[in-house]
Amino acid sequence: MKLIIKQYLSSLKERSELDIILPSLLSHMGLNVFARPIRGTNEYGVDIAAVGKINQDKECVYLFSVKSGNLTRSTWHSGTTDQTLRPSLESILDSYIPHRLPPEHRNKPVVICLCFGGDIQTNVRQEVTGFTNKYTTNNISFEEWNGDKLSDLIIEHLLNEDLLPKNWQSLLRKSIALLDEPYSSHQNFRQLVLEISRTIGENDKSQVTLINTINICLWILYSWCRDEDNIESAYLSAESAILYVWDVLKKNFTLKQKTSFDELISTYQKITEEYVQKCILPFCKNLHAISRGINTQCSIDINLKLFDILGRVAMHGEWLLYRLQKSHIAFPPSEGENQEQLEIRSQIERISKTIQELVSNNPLLLSPFKDDQAIDISLAAHVLLQNSNNEIFLQGWIKNLADRIMFSYKANIPSIYMHATTLTNYDEILEYKNDDNHKLLREKYTQGSILYPTLMMLAEILIKPKFKEDIVEFCNENLKHCTLQFWFPNHTSENYYYNNNEIHGSSFSEITETQYFSLQSILMECKSSSIDKLSAIKHGYAPLLLLASRHYRYPVPLHFFTTIIEDTLDNNKL
């Protein structure tokens, strides 16, 4: 967190940014601020003045001369007079202290504070030290308030909305005030992200500021969520923020942006990790514990939330797999994995175990109510398929899923055995479940499906041809009206994948009575609709596509299964 805030501070301008935050910080520290920046007047070197005690010392007068970024030779004394620090300090000593200090403070010790958001460069350190030593007296001393010190003080005293300009504070306050209504809170935070982005230019520095500012806002929201013991809003906001920021950065992604974006991903991962560790892990081992924790008697509520939780846990696993892959690239495990890699692998195994416990102890995860819950099933299956030890469980899960789905459809009693439909709106699902005319509506709400083809593919990957044959036979007999399909990103996906402004991608629907998707045909389609041109793949952030699929409810690209499919086909040849 300190690094994030320091990067944010170093990117702030001196006027109307850094000098706006500092008075709020000083007030929260218990000091009385008696002079603030005023445009168009001679301030005699003092941007901010305050009086009070810091760290239980005796009461002192603190005079701040504020500069932006790092303190370099040019900002120390070689630049223009208005932009250099040394002339400002001399003006404080020659004019402000003798003539402008309020009478009630003239007998108090004076601390002149050199304030800047970054660090003092090495080539100017000696000159700064020489100056402060020369002018230090019994009543006048100097302190360096650099990015590190400001970051520590902000974390201790000011990790709240006052860290932002006033025009953004109201949106963040609304987001915090509505924590008990996570969706509304998230909508206000999303609006805040949009407002911040409108003030940012296209150059590197501006976009780094964008990332750091949003990261700070996310941390503030997260800290309030933790205090309220409800991190749902932070979770939703983290997902949308990371996707929106990438949508802004992707056109001109540089190394400077990468460093800040990685910090934003780190914040997102911290939030998701806390969600899994606090909200899921302690309860997933007990039968029906998660289902009861959803705190409703309606099976639709429980079903929708269970699959949402499954997708979240699996998404956390996907980011752990990403971290392990990156670590292997940086430190190839030629002689075995290092401690960090072993720890990440242990976390992946824990997530795999959590997925298994979720499914085993919450039977509604065997009965999808929505066809797009194939997305959550795909994410979970992809994580489990990374380790062959999970295959026995996965085989049982896929078989039970297929059996329950087919039975529920044939039973045609949604009020008792709800089957998968293309409905996504909660009210519509509830209405259909309780509608006496469901026999007339069943065909209408099963016009298309990604669920059945997904189960076919997984059955073939798991080398269970009987599972696939049963699904094929069921579709031939009962779903002749249904368009069975797979989805692939296309040339429009780059523009809309991360913002969901328009529908994008292409579907492959040539799944008929006589031609069902084989693993070979999946590979051929993946090669013809390559995702390598998507910015997330180009820059090494493949999990962003999975995150966008989960967040915006798009099917998981089958390209993520190609390595697994190739291994399956190779094993079949042996």
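The residues in the stretch 100-114 that are in a helix (DSSP H, G or I) and in contact (Cβ under 8 Å) with a residue 40 or more places away in the chain can be counted, and the count is 2. For the stretch 28-57, filtering for residues that are modelled with pLDDT of 85 or more and surrounded by fewer than 16 Cβ atoms within 10 Å (Cβ to Cβ) leaves 4. Of all the residues in the stretch 528-574, those that are over 19 Å from Leu458 (Cα atoms) and either of a type in the set (S, T, N, Q) or part of a helix (DSSP H, G or I) (or both) number 14.
Being aliphatic (A, V, I, L, M), in a loop (DSSP other than H, G, I, E, B) and modelled with pLDDT under 95 is the requirement here; does Ile416 meet it? Against the criterion (aliphatic (A, V, I, L, M), in a loop (DSSP other than H, G, I, E, B) and modelled with pLDDT under 95), Ile416 qualifies. Restricting attention to the stretch 76-95, the residues that are in contact (Cβ under 8 Å) with a residue 40 or more places away in the chain and either in contact with a Leu (Cβ under 7 Å, 6 or more places away or on another chain) or in a loop (DSSP other than H, G, I, E, B) (or both) add up to 2.
Based on this model, can you work out whether Glu469 counts as surrounded by fewer than 17 Cβ atoms within 10 Å (Cβ to Cβ), in a helix (DSSP H, G or I) and more than 35 Å from the chain's Cα centre (by Cα)?
Yes, satisfied.
In the stretch 181-203, the residues that are free of Cβ contacts under 8 Å to residues at least 40 places away in the same chain and assigned by TED's automatic domain parsing to the domain that holds Ala234 reach residues that are assigned to a helix (DSSP H, G or I) and hydroxyl-bearing (Ser, Thr, Tyr) with C-beta atoms within less than 6 angstrom, at least six apart or across chains, in these pairs: Asn188/Ser175; Ile196/Thr213.
Name the pairs whose Cβ atoms lie under 7 Å apart, with the first residue in the stretch 31-60 and assigned by TED's automatic domain parsing to the domain that holds Phe142, the second loosely packed, with under 10 Cβ neighbours inside 10 Å and at pLDDT below 80, and 6 or more positions between them or separate chains? Nothing qualifies. Candidates Ser449, Ser518: the one that is in the same structural domain as Leu384 (by TED's automatic domain parsing), closer than 27 Å to Phe407 by Cβ and surrounded by 18 or more Cβ atoms within 10 Å (Cβ to Cβ) is Ser449. Of the helices (runs of 4 or more DSSP H) that lie entirely inside the stretch 208-296, those containing 1 or more residues that are under 17 Å from Leu164 (Cβ atoms) span 232-249, 255-274. Can you find even one residue in the stretch 87-97 that is at pLDDT 90 or above, among the hydrophobic types (A, V, I, L, M, F, W, C), touching a Lys or Arg at 6+ places or on another chain (Cβ under 9 Å) and farther than 23 Å from Gln7 by Cβ? Scanning the stretch 87-97, I find at least one residue that is at pLDDT 90 or above, among the hydrophobic types (A, V, I, L, M, F, W, C), touching a Lys or Arg at 6+ places or on another chain (Cβ under 9 Å) and farther than 23 Å from Gln7 by Cβ, so the answer is yes. Count of the stretch 302-311 residues, restricted to those that are surrounded by 15 or more Cβ atoms within 10 Å (Cβ to Cβ), touching a residue at least 60 places away in the same chain (Cβ under 8 Å) and of a type outside the set (A, V, I, L, M), is 3. Any residue at all in the stretch 179-187 that is within 19 Å of Ser266 (Cα to Cα) and in a helix (DSSP H, G or I)? Scanning the stretch 179-187, I find no residue that is within 19 Å of Ser266 (Cα to Cα) and in a helix (DSSP H, G or I), so the answer is no. Would you check if Tyr552 is free of Cβ contacts under 8 Å to residues at least 12 places away in the same chain and under 20 Å from Ile375 (Cα atoms)? So Tyr552 does not fit the description; no. When the stretch 329-349 is filtered for residues that are of a type in the set (D, E, K, R) and in contact (Cβ under 8 Å) with a residue 12 or more places away in the chain, the ones remaining, listed by number, are Glu340, Arg345, Glu349. The number of residues in the stretch 426-461 being within 20 Å of Ser509 (Cα to Cα) and of a type in the set (D, E, K, R) comes to 3. Scan the stretch 271-297 for residues that are in contact (Cβ under 8 Å) with a residue 24 or more places away in the chain and more than 21 Å from the chain's Cα centre (by Cα) and the total you get is 8.
The values are calculated or read from the model by the stated rules, or taken from the named source; none is laboratory data. Everything numeric here is computed off the predicted structure, so don't read it as measured data. Positions of Cβ are generated from backbone atoms using ideal geometry, with glycine treated the same way; all protein chains shown enter the neighbour counts.
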